[in-house]
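Peer 1: Got a structure for you, questions after.
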Amino acid sequence: MTVTIVETGVRARAITGGVDTHADAHVAAALDPIGGLLGVREFPATPAGYARLLGWLGGFGTVCLVGVEGTGSYGAGLARHIAAAGIRVVEVDRSDRQDRRRRGKSDPLDAVSAARAAQSGRAAGAPKGRDGQVEAIRALMVAKRSARSERTQTICQARALIVTGPDDLRARFARHAPADLAAELASLRPRPGSMVRYHTLLSLRELGRRAQFLDAQLARLDEFIVPLVTARAPGLLALYGVGPDTAAMLLVTAGDHPGRLRSEAAWAHLCGTAPLSASSGKVTRYRPGPGGDRQAGHALWRIVFTRMGSDAATRAYAGRRTKEGLSKKEIIRCLKRYVARQVYPHLRPDAG
């Protein structure tokens, strides 16, 4: 009878877990309701390992909360597994640097630190969620971002080669737009002659063909991205200056579960449009902090840039604020803050 009472008491305990995640193995720690360490153990980073980890935590009592480090990378699969079991998951930042300097860096210490951060409430943010349309958009945007970057690099390499090449090539290709330049370079038919000229033309032809290949790849990716973005947030695309590309970047920042963002102000802070004050009380910077998202900030900047160029109301606002003495940088920040407020309601799946 005594054993039964003890076992029931153990099972009734609210257990908090913490996990330090890695590519091949995760280290978990378990805490009792008053923060006492119950154990630390390593598990493989596989579906079977996730089940064993959750079973191990459950052996100490009822698992109510698990803090997972790296829910956007190595911990993504584990976070999904724990959430599917009906247990609350919170995203934990890496261990405090002062802690690491005092106690050293080790996986067990990081796991315990993650558990304590979750239990104390210091870490309370929910993971983005990687199980819906937004995760599909994110995966496609990874390929699109690298293709676009490589295309830009290819065009820059071609222009640099033209500048340093023979004079007739410089005169022929100097003022071409990127698309026209790629098309004309790809159609070159070099003939043997001067060694430098011939091989420069060969290189330019291959760069032109590469740019065209990347253009086709970007078009194919857009064929998949645009329908997903339209289905997820039609109201977002209806806003002036918001295209599929900027909408996709904003959706990826919000994640599949935008309810994790506590408020519109929290969203603005994540995008780097909320001012951060120094100890003197002066506003010092507007860029995202360590937890901020630069892609979202860039998306807001693109929307503002479009509106400043063609939207009468935005141009009138900029003119009025200029007369009031605000700098262009400050005006753009104010406009980005307004756009962040405007897009926030449309990030939710049920928004019209």
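The values are calculated or read from the model by the stated rules, or taken from the named source; none is laboratory data. What you are looking at is a predicted structure, and each value in this text was computed from that prediction instead of being measured. Every residue, glycine among them, receives a Cβ derived from its backbone with ideal geometry; neighbour counts consider all protein chains shown. Areas reflect the complete protein model, heavy atoms only, side chains present, ligands, DNA and RNA absent. Shrake-Rupley method; radii C 1.70, N 1.55, O 1.52, S 1.80 Å.
Peer 1: Just need a number here: residues in region 164-193 that are of a type outside the set (Gly, Ala, Ser), assigned to a helix (DSSP H, G or I) and surrounded by 16 or more Cβ atoms within 10 Å (Cβ to Cβ).
Peer 2: Initially, region 164-193 is screened for residues of a type outside the set (Gly, Ala, Ser), giving 164, 166-170, 172-173, 175-176, 178, 180-181, 184-185, 188-192.
Now drop any that are not assigned to a helix (DSSP H, G or I), which leaves 164, 167-170, 172-173, 178, 180-181, 184-185.
Filter once more, so that each one left must be surrounded by 16 or more Cβ atoms within 10 Å (Cβ to Cβ): 169, 173, 178, 181, 185.
Matching residues across region 164-193 total 5.
Peer 1: Restricting the search to region 117-142, which residues are basic (Lys, Arg) and surrounded by 20 or more Cβ atoms within 10 Å (Cβ to Cβ)?
Peer 2: LYS128
Peer 1: If only one of ARG151, ARG145 is open to solvent by less than 80 Å² (accessible area, probe 1.4 Å), among the basic types (Lys, Arg) and either assigned to a helix (DSSP H, G or I) or at pLDDT below 90 (or both), which one is it?
Peer 2: ARG151
Peer 1: Ok, one more. So LEU214 passes all but one of these: (1) surrounded by fewer than 18 Cβ atoms within 10 Å (Cβ to Cβ); (2) at pLDDT 95 or above. Which condition number does it fail?
Peer 2: (1)
Peer 1: What's the number of the condition ALA79 fails, among (1) within 12 Å of VAL27 (Cα to Cα); (2) assigned to a helix (DSSP H, G or I); (3) out of contact with any Leu (no Cβ under 8 Å at 6 or more places or on another chain)?
Peer 2: (1)
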